[in-house]
1. Restrict the check to segment 333-342 and report whether at least one residue is assigned to a helix (DSSP H, G or I), among the acidic types (Asp, Glu) and surrounded by fewer than 17 Cβ atoms within 10 Å (Cβ to Cβ).
2. With the condition being of a type in the set (S, T, N, Q) and on the phi < 0 side of the Ramachandran plot, I'd like the helices (runs of 4 or more DSSP H) fully within segment 65-167 carrying at least 2 qualifying residues.
3. Does residue 269 fit the bill of being modelled with pLDDT of 85 or more and within 16 Å of ligand 1 (Cβ to nearest atom)?
4. Of the conditions (1) over 28 Å from residue 326 (Cβ atoms); (2) in a helix (DSSP H, G or I), residue 46 clears all except one; give me its number.
5. Determine if segment 23-38 includes at least one residue that is more than 21 Å from the chain's Cα centre (by Cα), more than 26 Å from residue 240 (Cα to Cα) and more than 13 Å from ligand 2 (Cβ to nearest atom).
6. State which residue pairs qualify: first residue assigned by TED's automatic domain parsing to the domain that holds residue 387 and at pLDDT 95 or above and inside segment 25-50, second residue assigned to a helix (DSSP H, G or I) and within 12 Å of ligand 1 (Cβ to nearest atom) in any location, beta carbons under 6 Å apart, and separation of 6 or more residues or different chains.
7. Out of 326, 299, 285, 385, which single residue is within 25 Å of residue 22 (Cβ to Cβ), assigned by TED's automatic domain parsing to the domain that holds residue 264 and modelled with pLDDT under 95?
8. Give 279, 248, 254, 208 a once-over and let me know the one that is touching a strand residue (DSSP E or B) at 6+ places or on another chain (Cβ under 8 Å), more than 26 Å from residue 51 (Cβ to Cβ) and either not in a helix (DSSP H, G or I) or not small (Gly, Ala, Ser) (or both).
Amino acid sequence: MLRGDRIWVGTCENGPVELLPSMSNRHGLIAGATGTGKTVSLKVLAESFSDLGVPVFLSDIKGDLSGMVKPGARSESLDRRLVSCGAVPENFVYKNYPTVFWDVYGEQGHPVRATVEQMGPLLLSRMLSLNETQSGVMNILFRVARNENYDLCDLQDLKAMLVHVGENAKEYTLNYGNVSVASVGAIQRAVAVLEDQGGDTFFGEPALSIDDWLRVAKNEDGTEQGVINILSADRLFNNPTMYSTFLLWMLTALYDRLPERGDAEKPLIVFFFDEAHLLFNNCSRALMEKIEQVVRLIRSKGVGVFFITQSPADIPMTVLGQLGNRIQHALRAYTPLDQKAVKVAAQTFRANPAFDTEEAITTLKTGEALISFLDEHGAPGVVERAMILPPQSFMGAITPEERGQVLQESPLYGVYDDPVQRESAWEKLNKKKEEPPAAPVPRFLLVNGVLRQVVPAEQAREFVQYNGCLWPIL
Ligand SMILES: Nc1ncnc2c1ncn2[C@@H]1O[C@H](COP(=O)(O)OP(=O)(O)OP(=O)(O)O)[C@@H](O)[C@H]1O
Ligand SMILES: [Mg+2]
């Protein structure tokens, strides 16, 4: 919750532990074993950003973030927690938040769509798990489409374009580099798999306008709250490659769309990525570099990114080093591998002489965490052991009926719900096939019983009418 213009996350022995909104574009990490309180900590942060007027994006894998649409309920255990945090239970406000649901499959929220073109060859190759040679062909396909004006909107367009490139492989190999028919075949098979996994609903139009994630809701009292965008990802999560590629696309799209902003009092939008380790699994080097680069650069555009995962060891060092704000919940240390993960987690903190970081990580209670946030100079604060506040909205999932109601009342109702088809690569290539092949240009014409040669217009002595055209002849 907010305390003045700071985000009060929890309380340690020395008092409140607060995140500075101006430092939240220096990114963050929420880690901890399952059931230790990561999702609740995320909610506490997301609610505070919303109250600051900052829109938020969350990926919801278990459905337990959907409760943000209704107020939390006071209970004895929450009262006890509030008291241990130094808050007065009677004054604690339980409230709901302006929420918009999204779903790549269009089932539990507004459909999120992107065109094949927006996704681009690098991310698409990752989504299709292509090898280097196949990715090269995908690159060529995109270049051909651009040069020959074939718009790539949906998977139908991509498939039509694959056939086109495959049929003209020889010609394109000469002009663009090797297009092997075997690679085209492999890509076609991968596209079929993606289609079965629901990729056909994701690719198409109307494509998401990123501005719709930057919305602010006006309250009756004139105050503003950032809209909380929740991506229902329970189904998407079953397809980890698609999940991670989608999240990366989002960040890239946002990066491309936003102007440089420099340091500001508060961020423009904050992202929370649950199960973040999936982003980095089976990553090609090119893609890994891309992730690092986007995370590094997006900061200056006012975007904060918080990764949520079990252990900091799940995140590559180069990315971990960029996550300035840390909330570490309990980790188990049963196996040597666990113990190593605890060590790694402890080493990422600036030690507090009052306790042993490593030992504390293994003894934290549910909803308790080690916290280190960046100070106003951007330096990591000394680690504190803090009890996390409860969220102000409802902890847990909502019913399908409640979700249906939120969708109906959504400010974006009807904007994205129905797909739109326009003339793109598939339509154009089909039309081309239907057109009768152009009549071959004659080299000679029989004019008044004399064979005359057809020549370029500037060499013509005269023109004759033949087959509905004027022909230049010698
Ligand atoms: N700050 C808190 N205030 C009140 N209750 C809390 C808090 N943190 C955790 N809890 C309680 O602990 C439960 C588990 O927390 P949470 O769902 O956040 O764990 P998690 O780390 O996200 O687990 P998983 O890895 O399985 O997703 C919550 O449902 C809630 O009852
Ligand atoms: Mg969770």
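The values are calculated or read from the model by the stated rules, or taken from the named source; none is laboratory data. Small disclaimer: the values here were computed from a predicted structure and weren't measured. For neighbour counting, all protein chains shown are included, and Cβ atoms are generated from backbone atoms with ideal geometry for every residue, glycine included.
1. Yes, some residue in segment 333-342 is assigned to a helix (DSSP H, G or I), among the acidic types (Asp, Glu) and surrounded by fewer than 17 Cβ atoms within 10 Å (Cβ to Cβ).
2. So the answer is 76-84, 116-127, 132-147.
3. Taking the combined requirement at face value, the residue does not satisfy it.
4. (1)
5. yes
6. 30/38; 30/41; 30/42; 32/38
7. Numbers: 326 fails: modelled with pLDDT under 95; 285 fails: within 25 Å of residue 22 (Cβ to Cβ); 385 fails: modelled with pLDDT under 95.
Answer to the selection: 299.
8. Only one candidate passes the filter, namely 279.
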